[in-house]
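To start, the structure itself, in structure tokens.
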Amino acid sequence: MFLVDYIKDVFGAIKSLATGMKRTGYYFTHHKEIITQQYPDNRDTLNLPERFKGEVVMPHDEHNEHRCTGCTACELACPNGTIKVITKFDITPDGKKKKAIDKLVYHLELCTMCNLCVEACPSDAIKMAQTFEHSVFDRSQLTKVLNKPGSKIMEGVE
Amino acid sequence: MYRETQIVSDVSKVPLEGGEGTFTINVGPQHPATHGVLHLVITLNGETIINIEPHLGYIHRSIEKMCESLTYRQFIYVTSRMDYLSAHINNHACALCVEKGMQIEVPARAQVIRVLMDELTRIASHELWWGAMAMDVGAFTPFFHAFRERETINDIMEETCGARLTMNYMVPGGVMHDIHPNFQKRVKDFLQLYKSKIHEYDELVTGNIIFQNRMKGVGVLSAEDVISYGCTGPVARGSGVSCDIRKLYPYEIYDKLEFDEVLETAGDSFARYLVRLKEMNQSIRIVEQLIDNIPEGDFQAKTKAVLKLPKGEFYTRVETARGELGVYIVSEGGTTPYRIKFRSPGFSNLSILNHMVKGAKIGDLIAAMGTLDLVIPDIDR
Ligand code: SF4
Ligand code: SF4
């Protein structure tokens, strides 16, 4: 009986190996089903979904205007202290003082891309960008000022 | 009880538990077979394992303490960093606990989206485990087969949640965005791909005689062992202990869904392997039931800008890909939790390792440990 079982085992083993090798052979002859991407050679054709969270940016329109009012809601919402809003006071044409943003400092190295700041912003001033290649040679380059120099707030955004 | 490690001192002076002829080796903390920074101090007699002592602490980030300084909206994202393969389900547990405390009613649409995402996460996690498991026993190809399907799920996640692993898609009261317009189509594509490929898993690995010989009868756990060590998830179900939170304490819409709790009774490595494979099919069943029936409506309930839990203690539990995750919040009535405790499945599942492989050969250690599906940052928060 032992011998019969032994021979059965041997044939069972060969059969199971052959089944597995058949699969391997299938992919060996079907190159079209290979799905690896040739990054970074395919950089130009790489399409990231529009919701991809790569880094926080502040969009500016063609007149170099943004929508940020300097309300610091994003700073309060951020769990990591990534955003620092530095405000100043503008003098409006009718002589009143108005709170405005001086700098919105963003520390990319502290950001976990959680999207809470974007959710918290009442005037849609910031959004997530799809960039993902963030490596730099010097850590100081990771600290960014999101509002462009000389930019001011859009008309009508409160 | 914590004991000072014996590895650094002169090995000849260490009092060996096995007596004459035994020696100690260290696996990890930097070792591919331990799936992370787990450090095992193994006492051997020849090839036989006498004792295994896991040393933790290499990836301790004090997440529980961190959560105490974050508000109820902010702390959810941190939990993605515990069990990063079921990040979504971790977030779900936290959101549920906050909702329980605040008594927020979650809209039906959000509930369905949450469950869909949970099940997709579970499939992705089991896929990765399957590939890593095969690699633990020396088969390299299955890893890439598993990643092919998993990548499809990750793409779906990326499109709807904006990230592939640490999504942070759950917010108290619902989900952060509505699903992407392509979501349903892509999930259906995935279901089709999965069904056309799942037979490969059996052909390549399950039916393989070498694989079966290495799994069957190895690392046997009885139902009593599993219960006394507090194991949950597929580890417990592989020994015939029914512990699926989705069935026993249903949350969200799980009580209205049709799916089976997978149970195997053998208790060996192969049983745990089969439980996970079959669980993927059950998750596919759930996704199929829901994908065409996402109700219309809000994806997020209206909540206050600042969440304050009333004074008291709140506990919720969910079934992650690895077992039962409990979230316990003690609130003093403020905007941040007074104390948070996570009951993670990985820790209990790791505790049984010594009991499981004591007396086995060292070659079986990695194979048996693979079936526990350990994620180290979950064990060591
Ligand atoms: S994405 Fe998250 S971590 Fe990054 S700045 Fe916004 S809130 Fe802070
Ligand atoms: S980015 Fe938005 S939330 Fe932040 S200060 Fe500007 S307006 Fe306020």
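The values are calculated or read from the model by the stated rules, or taken from the named source; none is laboratory data. Computed from a prediction, not measured in an experiment: that's the story for all the values here. Here the Cβ positions follow ideal geometry from the backbone for every residue, glycine too, while neighbour counts run over all protein chains shown. In case anyone asks, the SASA skips ligands and DNA or RNA and just uses the protein heavy atoms, side chains included. Shrake-Rupley method; radii C 1.70, N 1.55, O 1.52, S 1.80 Å.
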Completion exercise
Quick count over the stretch B:148-179, residues being closer than 24 Å to A:Gln37 by Cα and in contact with a helix residue (DSSP H, G or I) (Cβ under 6 Å, 6 or more places away or on another chain), is 10
Exercise for the section: Select from the stretch A:114-125 the residues that are surrounded by 12 or more Cβ atoms within 10 Å (Cβ to Cβ), under 20 Å from B:Thr160 (Cα atoms) and more than 8 Å from ligand 1 (Cβ to nearest atom) and list them in ascending order. Expected result: A:Glu119
Exercise for the section: State the number of residues belonging to the stretch A:93-113 that are more than 9 Å from A:Thr143 (Cα to Cα) and touching a residue at least 40 places away in the same chain (Cβ under 8 Å). Expected result: 6
Practice task
Answer yes or no: is there a residue in the stretch B:173-196 that is within 10 Å of another protein chain (Cβ to nearest Cβ) and touching a Cys at 6+ places or on another chain (Cβ under 6 Å).
Solution key: no
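Table: residues versus (1) open to solvent by less than 20 Å² (accessible area, probe 1.4 Å); (2) within 22 Å of B:Ser344 (Cα to Cα).
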site	(1), (2)
B:Arg237	yes, yes
B:Val241	no, yes
B:Asp260	no, no
B:Ala271	yes, no
B:Arg276	yes, yes
Handout entry: Residue that is of a type in the set (A, V, I, L, M) and without any contact (Cβ under 8 Å) to a residue 60 or more places away in the chain, where the choices are B:Val306, B:Val330
Key = B:Val330
Problem - Breaking point among (1) within 8 Å of ligand 1 (Cβ to nearest atom); (2) out of contact with any helix residue (DSSP H, G or I) (no Cβ under 8 Å at 6 or more places or on another chain), for A:Thr87 - result: (1)
Practice task
Give just the number: which of (1) within 12 Å of chain A (Cβ to nearest Cβ); (2) assigned to a helix (DSSP H, G or I) does B:Leu70 not satisfy?
Solution key: (2)
Handout entry: The listed residue being open to solvent by 10 Å² or more (accessible area, probe 1.4 Å), facing another protein chain (nearest Cβ under 9 Å) and either of a type outside the set (Lys, Arg) or under 25 Å from B:Asp83 (Cβ atoms) (or both), out of B:Glu224, B:Glu159
Key = B:Glu159
Problem - Selection from the stretch A:73-113 of residues that are farther than 28 Å from B:Asn168 by Cβ, open to solvent by less than 40 Å² (accessible area, probe 1.4 Å) and more than 15 Å from ligand 2 (Cβ to nearest atom) - result: A:Thr92
Exercise for the section: Determine whether the stretch B:79-102 contains at least one residue that is touching a Phe, Trp or Tyr at 6+ places or on another chain (Cβ under 9 Å), over 20 Å from B:Leu325 (Cα atoms), more than 14 Å from chain A (Cβ to nearest Cβ) and basic (Lys, Arg). Expected result: no
Completion exercise
Checked the stretch B:156-193 for anything touching a residue at least 40 places away in the same chain (Cβ under 8 Å), under 21 Å from the mean Cα position of the chain (by Cα) and not in a strand (DSSP E or B); matches are B:Met157, B:Cys161, B:Leu165, B:Thr166, B:Met167, B:Asn168, B:Tyr169
Completion exercise
Residue count, the stretch A:114-146, condition within 14 Å of another protein chain (Cβ to nearest Cβ) and more than 16 Å from ligand 2 (Cβ to nearest atom), comes to 3
Fill in the blank from the handout: Restricting the stretch A:39-68 to residues that are under 13 Å from A:Leu104 (Cα atoms) and open to solvent by 30 Å² or more (accessible area, probe 1.4 Å), the one nearest to ligand 2 (Cβ to nearest atom) turns out to be A:Arg67
Exercise for the section: Output yes when any residue across the stretch B:138-155 is under 30 Å from B:Val306 (Cα atoms) and not in a helix (DSSP H, G or I), and no when none is. Expected result: no
Practice task
Run B:Arg317 past the list (1) open to solvent by 10 Å² or more (accessible area, probe 1.4 Å); (2) not assigned by TED's automatic domain parsing to the domain that holds B:Val106 and report the number of the one that doesn't hold.
Solution key: (2)
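Quick grid of which residues meet (1) in contact with a Leu (Cβ under 7 Å, 6 or more places away or on another chain); (2) buried (at least 21 other Cβ atoms within 10 Å of the Cβ); (3) at pLDDT 85 or above:
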{"residue": "B:Val27", "(1), (2), (3)": "yes, no, no"}
{"residue": "B:His31", "(1), (2), (3)": "no, no, no"}
{"residue": "B:Ile42", "(1), (2), (3)": "no, no, yes"}
{"residue": "B:Thr48", "(1), (2), (3)": "no, no, no"}
{"residue": "B:His60", "(1), (2), (3)": "no, no, yes"}
{"residue": "B:Arg81", "(1), (2), (3)": "no, no, yes"}
{"residue": "B:Asn90", "(1), (2), (3)": "yes, yes, yes"}
{"residue": "B:Ala95", "(1), (2), (3)": "no, yes, yes"}
Practice task
Give the residues of the stretch A:19-38 that are among the small types (Gly, Ala, Ser) and more than 9 Å from chain B (Cβ to nearest Cβ), sorted by residue number.
Solution key: A:Gly25
Exercise for the section: Report yes if A:His30 is touching a strand residue (DSSP E or B) at 6+ places or on another chain (Cβ under 9 Å) and away from ligand 1 (no atom under 16 Å from the Cβ), otherwise no. Expected result: no
